[in-house]
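Student: To start, I am sharing the structure in question, which I have written as structure tokens.
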Amino acid sequence: MAKQDAIIHFHNETNGNAPAAGDLARGELGIVLSTGKLYTKNQVDAVIELSVPTGAEIKTAYEGEASAFTNAQFTKLAGIETGADVTDATNVAAALSNGVATLTSTEVNQLKDLGTNDISNAEWGYLASTTASFTSTLKTKIDGIATSATANQTDATLKARANHTGTQLLSTISDSGSIASKDVWTGTQAAYDGLTPDADTIYLIEA
């Protein structure tokens with residue numbers, strides 16, 4: 001069989017430059033031999049490259065996209081432990097320090113529960129020896145104390161009747177019985193002798 005004539009496209013053997021627009025007809029192929037890149041002229045007489053881009057070129061073009069996965073993100077991902085879990089108290093505790101000692105997984109769980117559960121001395125561990133726990137019972141007690149209330153006197157002083165001032169209705173005293181509804185008369189014996197006593201009044205004779 002006779003050898004067929006080879007089809008030889010326009011090509012550049014001297015440098016790596018792409019063909020100029022004047023070098024190609026529309027649809028004609030041009031090859032840069034030193035790089036292997038393939039070019040043609042399109043319908044508007046512009047020379048365009050047909051060759052498959054290199055990996056570096058693909059990477060550069062891809063990273064120009066808005067949601068591209070970048071080298072920085074790859075480095076960050078490589079630094080994350082396999083199976084890492086931010087909800088794993090043991091892992092979190094290993095990465096934290098309270099300034100005194102590394103937090104335990106139990107303490108991390110307690111921090112997570114702040115605002116929802118009471119934290120006791122035993123639960124806090126390292127705080128137990130220096131700080132008393134603030135429980136819901138203590139909160140209820142504080143809520144029941146009047147603003148600016150004071151307890152700067154001893155129980156004996158507070159209970160001494162001589163230190164009490166003002167008056168109190170007899171009817172507000174427990175176990176006062178029917179006497180609470182009676183009137184009280186105070187006067188001298190001579191004034192009392194001139195009265196006609198009645199059962200609804202208590203008579204107090206001045207000394």
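The values are calculated or read from the model by the stated rules, or taken from the named source; none is laboratory data. Worth saying up front: this structure is predicted, and the values here are computed from it rather than measured. When we count neighbours, we look across all protein chains shown, and the Cβ atoms used for this are built from the backbone with ideal geometry, even at glycine.
Student: Within the set of pairs 6 or more residues apart or between chains, which connect a residue that is assigned to a helix (DSSP H, G or I) inside the range 132-145 to a residue that is modelled with pLDDT under 85 with Cβ atoms less than 7 Å apart?
Tutor: Sorted first by the residue in the range 132-145, then by its partner, the pairs are SER136/ASP118.
Student: Further question: Within the set of pairs 6 or more residues apart or between chains, which connect a residue that is assigned to a helix (DSSP H, G or I) inside the range 9-28 to a residue that is at pLDDT 90 or above with Cβ atoms less than 6 Å apart?
Tutor: ALA21/ASP45; ALA21/VAL47
Yes/no per residue for (1) under 30 Å from GLY27 (Cβ atoms); (2) modelled with pLDDT of 85 or more; (3) assigned by TED's automatic domain parsing to the domain that holds ALA25:
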{"residue": "THR54", "(1), (2), (3)": "yes, no, yes"}
{"residue": "LYS59", "(1), (2), (3)": "no, yes, yes"}
{"residue": "THR75", "(1), (2), (3)": "no, yes, yes"}
{"residue": "THR87", "(1), (2), (3)": "no, no, no"}
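Student: Can you spot a residue in the range 26-43 that is among the basic types (Lys, Arg) and within 60 Å of the chain's Cα centre (by Cα)?
Tutor: yes
Student: Of the residues ASP143, ASP175, which single one is at pLDDT 70 or above and at positive phi? Break it down into steps so the answer makes sense when it comes.
Tutor: Values: ASP143 fails: at positive phi.
Residue meeting the stated conditions: ASP175.
Student: Could you say whether any residue in the range 111-123 is of a type in the set (Lys, Arg) and at pLDDT 75 or above?
Tutor: no
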